[in-house]
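The values are calculated or read from the model by the stated rules, or taken from the named source; none is laboratory data. In this text the structure is predicted, and so the values were computed from the model without any measurement. Note that we place each Cβ from the backbone using ideal geometry, even for glycine, and neighbour counts take in every protein chain shown. Quick note on the areas: whole protein, heavy atoms, side chains included, nothing else; ligands and nucleic acids left out. Shrake-Rupley method; radii C 1.70, N 1.55, O 1.52, S 1.80 Å.
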Amino acid sequence: MENTCRKAIDIGLRAIAFTEHADHVFSVHQTLRPLDILGYHAEVERCRGLFPGLRILSGVELGEPHRYPGETAAILAGGRLDRVLGSVHCFEWRGRMVDASQLASLRLAEVPDAVRVYFEELWALVGSTQPFDVLAHFDYPKRYWPHAQLSYREGDYEEEIRTVLRGAVAREAVLEMNTTRGEMPERGLCPGPTVLRWWVEEGGRALSFGSDSHEPGKIARGFKLAAQLAEASGFKPNDDPAAFWRR
Ligand SMILES: [Zn+2]
């Protein structure tokens, strides 16, 4: 966290949010450990003391909180969080939980159906009463889609996608533009221009930028491209560096 703050100052960021993962599907991720939320808050406070010129937002990314209400409540009770993201990584596929990052392990013919189930899981999240402000990496499976063998077309999932977007509008959620550490746009920009257009058409008013960097060297990567796309869709930057873009 300290190294990330140093990097943020180096590249001229005025604010940064550490949206730490709170994931619970231990059967899928063998190395996963429960989030030490008190240790997390202590580290945020330490960094705030070290870097008074940088605005440091606390936050979490709740993974499938609708499946883990008890665990989620315990995380939220651990202290004040400036930003709460909701996300889906895992969904049930043929009787077991899989992470969308494992799409490559499925048969090619199964991949489109698995992605449909992912969007159903995302709908379960959005339709739940679990508290979150920002819907993270909307089309996360796109990162792991076998682009070399199959082309990914949002239009194949338009009904499912628009249903989730409408649900997000109804709960006044903010859509995250996840730039996936600056990876190539067809994989990295989650969502891309098509879904962003649908977001606007369904009444979406706000965007949040996240580089999902996971390491200091990749913070804010891809933000230039995301900003261009957001502006082209009518969203306006905000004087407050920690605020959302709105239209
Ligand atoms: Zn995530």
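Which condition breaks for Gly86 when tested against (1) small (Gly, Ala, Ser); (2) out of contact with any Cys (no Cβ under 9 Å at 6 or more places or on another chain); (3) within 22 Å of Cys190 (Cα to Cα); (4) free of Cβ contacts under 8 Å to residues at least 60 places away in the same chain?
(4)
Applying the selection to the range 138-162, what residues are touching a Lys or Arg at 6+ places or on another chain (Cβ under 8 Å) and at pLDDT 95 or above?
If the condition is that a residue be touching a Lys or Arg at 6+ places or on another chain (Cβ under 8 Å) and at pLDDT 95 or above, then Tyr157, Glu160 are the ones that fit.
A quick yes/no check of all residues on (1) more than 16 Å from the ligand (Cβ to nearest atom); (2) within 27 Å of Gln102 (Cα to Cα); (3) surrounded by 16 or more Cβ atoms within 10 Å (Cβ to Cβ); (4) of a type in the set (A, V, I, L, M, F, W, C):
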| site | (1), (2), (3), (4) |
| --- | --- |
| Arg14 | yes, no, no, no |
| Glu20 | no, yes, yes, no |
| Arg46 | yes, no, no, no |
| Leu50 | yes, no, no, yes |
| Glu61 | no, yes, yes, no |
| Glu64 | no, yes, yes, no |
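Inside the range 22-48, can you point out the residues that are within 19 Å of Thr72 (Cα to Cα), more than 21 Å from the chain's Cα centre (by Cα) and modelled with pLDDT under 95?
Correct list: Ser27 only.
Within the range 76-96, take every residue that is more than 15 Å from the ligand (Cβ to nearest atom) and surrounded by 15 or more Cβ atoms within 10 Å (Cβ to Cβ) and give me the one that is farthest from Tyr40 (Cα to Cα).
Trp93
What tally of residues in the range 190-247 results from selecting those that are in a loop (DSSP other than H, G, I, E, B), more than 23 Å from Asp10 (Cα to Cα) and acidic (Asp, Glu)?
1
To keep it simple, each residue is scored yes or no on (1) in a loop (DSSP other than H, G, I, E, B); (2) surrounded by fewer than 21 Cβ atoms within 10 Å (Cβ to Cβ).
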{"position": "Ile56", "(1), (2)": "no, no"}
{"position": "Thr72", "(1), (2)": "no, no"}
{"position": "Arg116", "(1), (2)": "no, yes"}
{"position": "Leu125", "(1), (2)": "no, no"}
{"position": "Phe132", "(1), (2)": "yes, no"}
{"position": "Tyr157", "(1), (2)": "no, yes"}
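Would you check if Arg187 is open to solvent by 40 Å² or more (accessible area, probe 1.4 Å), outside any loop (DSSP other than H, G, I, E, B) and either basic (Lys, Arg) or within 16 Å of the ligand (Cβ to nearest atom) (or both)?
yes
Looking at (1) part of a helix (DSSP H, G or I); (2) at pLDDT below 95, find the lone condition where Leu165 falls short.
(2)
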